[in-house]
Amino acid sequence: MKTVKKLVIAILVLIVMVFLVGCSETVVPDGTTGVVVHDGIVSDEYLQPGRHTTDDSTHTSIVIVDNKIKTASYSNTIEGQSKDDVIINASGYSFSYRIGGGAKSVWLVKNVSDRENIIPQSIVENALKDALLEVEAKNVTKRVYVEPIFKEILQKRINEYLGYHNGEDTTLITVTSVSIGNLSPEAAYDQELSRGAILTKRAENDKLEYETSIASAETQAELAKYEAERLTAGWEELSEKFTPEVAAYLIIEKWDGHCTPGSPMEQLIEYYVSEALKDEP
């Protein structure tokens, strides 16, 4: 009986060993896709993140495709041209991207052999040069103008290069962001721009000074006009009140009785006194 029992146990152990030899466990990390390859041929099968038991009897292997966001950076300087034909130097540019998961990762493994250099640098450089051609020199040093165009063109160029199509979907790799470290026009243009800025500032100052002087002159003219109107109005009001009777009263009240015979003062006194006495009974 013991012999039969030992034989059964040995058979079970052998079965487990055969199963373990014919199978293996594959771990697909988070943010990746496991593409199944049978005997060197990429199948349409893929594994989602997690632990998976795979059949190793037919030499099955798993290619892990990273679907997390990655960044490609370039330190070299390229020479482009603005929309208005100014030479522009660009350096320190980069872009971030993400490879589509699932069936898109399978397509990538099937069709792209060099997955370490999926996007050639020349495509990125040409996309940046095309972006510079869309912007005038006065704005080309401002990344807010260039980077959105760069991103759009780069995405288009990558789609064309990979040639992925699934109905209307042509995006296998998504460009998530771009960055340009330095954008500078050629030295001659930069100097001319500085000279132009100085001349513009001088013109603005001259215009401001002229406008200020005009405003000051107009203000002075208004004040003079107001003063003249005030004095004229005061004199007219005074003239209405300064009647011959008032003049005669003031002469009698204030005059000390002395004046040179035939002088203007004597003539004035005689005039106002005679005028005041005309209406006397």
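Here are the numbers:
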item	result
Cβ pairs under 6 Å, 6+ apart, first in the range 145-158 and hydroxyl-bearing (S, T, Y), second surrounded by fewer than 23 Cβ atoms within 10 Å (Cβ to Cβ)	Y145/V135; Y145/N139
Number of the condition not met by L154 [criteria: (1) at pLDDT below 90; (2) buried (at least 19 other Cβ atoms within 10 Å of the Cβ)]	(1)
One residue from K68, K83 being among the basic types (K, R) and surrounded by 13 or more Cβ atoms within 10 Å (Cβ to Cβ)	K83
N139 farther than 23 Å from N76 by Cβ, in the same structural domain as K83 (by TED's automatic domain parsing) and either in contact (Cβ under 8 Å) with a residue 12 or more places away in the chain or in contact with a Ser or Thr (Cβ under 6 Å, 6 or more places away or on another chain) (or both)	no
Any hit, the range 106-113, residues being in contact with a strand residue (DSSP E or B) (Cβ under 8 Å, 6 or more places away or on another chain) and among the small types (G, A, S)	no
Those residues of the range 65-121 which are touching a Gly at 6+ places or on another chain (Cβ under 7 Å) and small (G, A, S), in sequence order	S75, A90, S91, G92
Residue match in the range 124-141 (condition: at pLDDT 95 or above, more than 18 Å from the chain's Cα centre (by Cα), under 19 Å from I69 (Cα atoms) and assigned to a helix (DSSP H, G or I))	yes
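The values are calculated or read from the model by the stated rules, or taken from the named source; none is laboratory data. Keep in mind it's a predicted model, so treat the numbers as computed, not measured. Heads up, the Cβs are rebuilt from the backbone with ideal geometry, glycines too, and the neighbour counts pull from every protein chain shown.
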